[in-house]
Amino acid sequence: MDLEKTLLRKVGQAIERFDMIRNGDRIAVGLSGGKDSVTLLEALCLLQKRAPIDFEVCAFTVEQGKFLAPIAPFGEYMKERGIEWLYVRDEPSIQLIEDQPDHGCDLCSRFRRRAVYEIAARMNANVIALGHTADDFCESLLRNAMYTGRLSALPAVTWSAKKDFRLIRPLVFVGEDITRAYSAGLGAPVIPCGCSQKTGTVRRSLRDIFAELEQDHPFLKENLLTAMGNIDHSRLLDTRYLADDAGGKSQPPSPSRSELFPVVMEL
Ligand code: SF4
């Protein structure tokens, strides 16, 4: 099936380019209940059978009190697929919603990260695979540049603070057009999250902007992904990366946004 071939090719490219998976790894896939993470899980299970190295795949879901439908059908699906899956209600997160119903994403993510590390340790995993897609990388790049004054997106590979876990994002080159179509073909239950239906967010605005621009420029996201791997330091303003005769200084670091634009309001 062409879609599957495309998916596996793109996931394979990411794994190879960033050395994401190594012999003997036990990978815990974070399943959010959505189309992206279930696509990631299937891709890794398929690659496991074909890869020249040995690695294991298991999965988990953190309940933070935001699912809009029962999770049970998901459990049935995982059982049918014969994949080890752990579903954990994270009581501190659920308490957070009760205490601070309007809490922001930062706090929620911090709670989730702690729960994810605990679950991965319980599952004896050394790698945690997250379902962020090419769309997420592109949105993150623009969001950080436009709203936080930093030129950065998401790490394709990184480590937990104590270096207990390698965190990988194998869908970095896979767009959501692919995850949407592929997950629909799997017949996997999709459990919507309340947050995905929020309107008026920066993320939603960026998605709308992309959708409009892509009508005339269908390769916009591919170009942004290529740009993230093809940085021309000499045409940016970070003096840490400029040549000495072009204003380069390894010390002190570049000025912060508030030093450059003291009147810009915090967003
Ligand atoms: S969108 Fe919702 S679930 Fe996601 S990090 Fe923000 S608050 Fe948490």
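Could you tell me which of the residues A121, A181, A145, A134 is touching a residue at least 40 places away in the same chain (Cβ under 8 Å) and more than 18 Å from K35 (Cβ to Cβ)?
Residue meeting the stated conditions: A121.
Among the candidates E176, E214, single out the residue that is among the charged types (D, E, K, R) and not assigned by TED's automatic domain parsing to the domain that holds T61.
It is E214.
So, in the stretch 195-232, how many residues would count as being within 16 Å of the ligand (Cβ to nearest atom), over 19 Å from A145 (Cα atoms) and surrounded by 12 or more Cβ atoms within 10 Å (Cβ to Cβ)?
Of the residues in the stretch 195-232, 2 are within 16 Å of the ligand (Cβ to nearest atom), over 19 Å from A145 (Cα atoms) and surrounded by 12 or more Cβ atoms within 10 Å (Cβ to Cβ).
Evaluate the stretch 32-55: report whether one residue or more is assigned by TED's automatic domain parsing to the domain that holds A181, more than 16 Å from the ligand (Cβ to nearest atom), surrounded by 18 or more Cβ atoms within 10 Å (Cβ to Cβ) and over 23 Å from I178 (Cβ atoms).
There is no residue in the stretch 32-55 that is assigned by TED's automatic domain parsing to the domain that holds A181, more than 16 Å from the ligand (Cβ to nearest atom), surrounded by 18 or more Cβ atoms within 10 Å (Cβ to Cβ) and over 23 Å from I178 (Cβ atoms).
Among the listed residues A161, A188, which satisfies the condition of being small (G, A, S), at pLDDT below 95, over 16 Å from F210 (Cβ atoms) and surrounded by fewer than 17 Cβ atoms within 10 Å (Cβ to Cβ)?
A161
Those residues that are away from the ligand (no atom under 16 Å from the Cβ) and part of a helix (DSSP H, G or I), I need them from the stretch 120-147; list them, please.
Within the stretch 120-147, A120, A121, R122, A134, F137, C138, L141, L142, A145, M146 qualify.
Taking the condition of being within 18 Å of the chain's Cα centre (by Cα), surrounded by fewer than 15 Cβ atoms within 10 Å (Cβ to Cβ) and among the basic types (K, R), how many residues in the stretch 9-31 meet it?
1
Which residue is nearest to the ligand (Cβ to nearest atom), if the candidates are limited to the stretch 69-90 and must be surrounded by 12 or more Cβ atoms within 10 Å (Cβ to Cβ) and assigned to a helix (DSSP H, G or I)?
F74
Can you list residue pairs whose Cβ atoms sit under 8 Å apart, with the first residue in the stretch 96-112 being in the same structural domain as S140 (by TED's automatic domain parsing) and the second being of a type in the set (D, E, K, R)? Count only pairs 6 or more apart in sequence or on different chains.
Close Cβ pairs satisfying both conditions: I97/K66; F111/D90; R112/D90.
Please go through the stretch 91-119 and give me each residue that is acidic (D, E) and either in contact with a helix residue (DSSP H, G or I) (Cβ under 8 Å, 6 or more places away or on another chain) or near the ligand (Cβ under 9 Å from one of its atoms) (or both), ordered by number.
The one that is acidic (D, E) and either in contact with a helix residue (DSSP H, G or I) (Cβ under 8 Å, 6 or more places away or on another chain) or near the ligand (Cβ under 9 Å from one of its atoms) (or both): D106.
Out of V264, V202, which single residue is aliphatic (A, V, I, L, M) and at pLDDT 85 or above?
V202
Taking the stretch 157-172 as the region of interest, how many residues are part of a loop (DSSP other than H, G, I, E, B) and either in contact with a Ser or Thr (Cβ under 7 Å, 6 or more places away or on another chain) or within 16 Å of S37 (Cβ to Cβ) (or both)?
To start, the set of residues in the stretch 157-172 that are part of a loop (DSSP other than H, G, I, E, B) comprises 160-165, 169-172.
Okay, now just the ones that are also either in contact with a Ser or Thr (Cβ under 7 Å, 6 or more places away or on another chain) or within 16 Å of S37 (Cβ to Cβ) (or both), so 169-172.
Count: 4.
Taking E84, is it farther than 15 Å from S37 by Cβ, touching a strand residue (DSSP E or B) at 6+ places or on another chain (Cβ under 8 Å), in the same structural domain as L41 (by TED's automatic domain parsing) and not hydroxyl-bearing (S, T, Y)?
Here the answer is yes, as E84 does meet what is asked.
The values are calculated or read from the model by the stated rules, or taken from the named source; none is laboratory data. Quick caveat: nothing in here was measured; it's all calculated off a predicted structure. Cβ coordinates were reconstructed from backbone atoms using ideal geometry, including for glycine residues, and neighbour counts include every protein chain displayed.
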